[in-house]
1. Hey, can you tell me all the residues within the range 57-107 that are touching an Asp or Glu at 6+ places or on another chain (Cβ under 6 Å) and in a loop (DSSP other than H, G, I, E, B)?
2. Would it be correct to say that ALA110 is in a helix (DSSP H, G or I) and either within 12 Å of the chain's Cα centre (by Cα) or over 30 Å from HIS163 (Cβ atoms) (or both)?
3. Would you confirm, using the coordinates I've provided, whether ARG195 is surrounded by 12 or more Cβ atoms within 10 Å (Cβ to Cβ) and either within 23 Å of the chain's Cα centre (by Cα) or assigned by TED's automatic domain parsing to the domain that holds LEU99 (or both)?
4. Evaluate the following for ARG111: is it outside the structural domain of ASP202 (by TED's automatic domain parsing), out of contact with any helix residue (DSSP H, G or I) (no Cβ under 8 Å at 6 or more places or on another chain), in contact (Cβ under 8 Å) with a residue 24 or more places away in the chain and surrounded by 15 or more Cβ atoms within 10 Å (Cβ to Cβ)?
5. Within the range 173-196, is even one residue under 22 Å from VAL7 (Cβ atoms) and among the hydroxyl-bearing types (Ser, Thr, Tyr)?
6. In the range 152-205, what count of residues is obtained for those that are within 12 Å of LEU133 (Cα to Cα) and among the basic types (Lys, Arg)?
7. Return the total of residues in the range 43-95 being free of Cβ contacts under 8 Å to residues at least 40 places away in the same chain, crowded, with 16+ Cβ neighbours inside 10 Å and hydrophobic (A, V, I, L, M, F, W, C).
Amino acid sequence: MKHIVIVEDETLMREELTDILRKADYQVDEICAFQDVTSQILALSPDLILLDLNLPEVSGFQLCREIKQRSTIPVLVLTSRDGLKDELRALGLGADEYLTKPCRKERLLARVSNVLKRYEGRSHLLEGAGYLLDRLTYTLYIHNHSTVLPKNQGKLLEMFLLHKNEVISKEELCLALWGTTEFIDENALQVNLTRLKKTMADLMMPQQIQSVRGMGYRLTAPQDAQ
């Protein structure tokens, strides 16, 4: 059963959407508190987010940007804002579909189904800034090309993408590479990190691996890497 999270502050609208989706055999959760919404959504790990743009505390545009920076979860915007400028802005931030209210039930369900179908089979893909990493094969898709990373480089990049914007300790990286932190020469980790950094530079990836003194490493956001 596919899992959908509704982000809508109007109670009657939220209840109506929940009823429509549940009758269509979807599992539904509702966001009713509008602080730290992105973290709430990511914790629920849905297959699709139904997002209003006019929300208290936080803009739907901001939420769309944050969600797409931290996950590959598809976003269907459902809003009363029917201007072309708003639609283009939402799509530019990564929204996968844009519908305006009021919306017929049949149209909503058709769009929900289409977006979910587009994302089937992508659960093993991790999304970075302008690229995708296949966790099964460590194939990197970037600039309309694909390249298979060496296993250790793939494992490291996977860790950084699973912990976006977080500092990852040397111990955690060693566990990811070798399954242990015992008897591991720190130089071995440095060698693998250096190789990954070179690969990322050769592929002109906008993100970089940054050392955080005394803590570990993190993957920079594109604007931080400039």
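The values are calculated or read from the model by the stated rules, or taken from the named source; none is laboratory data. Small disclaimer: the values here were computed from a predicted structure and weren't measured. When we count neighbours, we look across all protein chains shown, and the Cβ atoms used for this are built from the backbone with ideal geometry, even at glycine.
1. Once the filter is applied, which keeps residues that are touching an Asp or Glu at 6+ places or on another chain (Cβ under 6 Å) and in a loop (DSSP other than H, G, I, E, B), the range 57-107 yields THR72, PRO74.
2. Working: in a helix (DSSP H, G or I): yes; either within 12 Å of the chain's Cα centre (by Cα) or over 30 Å from HIS163 (Cβ atoms) (or both): yes.
So ALA110 passes the test.
3. Details: surrounded by 12 or more Cβ atoms within 10 Å (Cβ to Cβ): yes; either within 23 Å of the chain's Cα centre (by Cα) or assigned by TED's automatic domain parsing to the domain that holds LEU99 (or both): no.
The answer is no for ARG195.
4. yes
5. no
6. Taking the range 152-205 and keeping what is within 12 Å of LEU133 (Cα to Cα), we get 153-162.
With among the basic types (Lys, Arg) added as a condition, the list becomes 155.
Residues in the range 152-205 being within 12 Å of LEU133 (Cα to Cα) and among the basic types (Lys, Arg): 1 in total.
7. Total meeting the criteria: 10.
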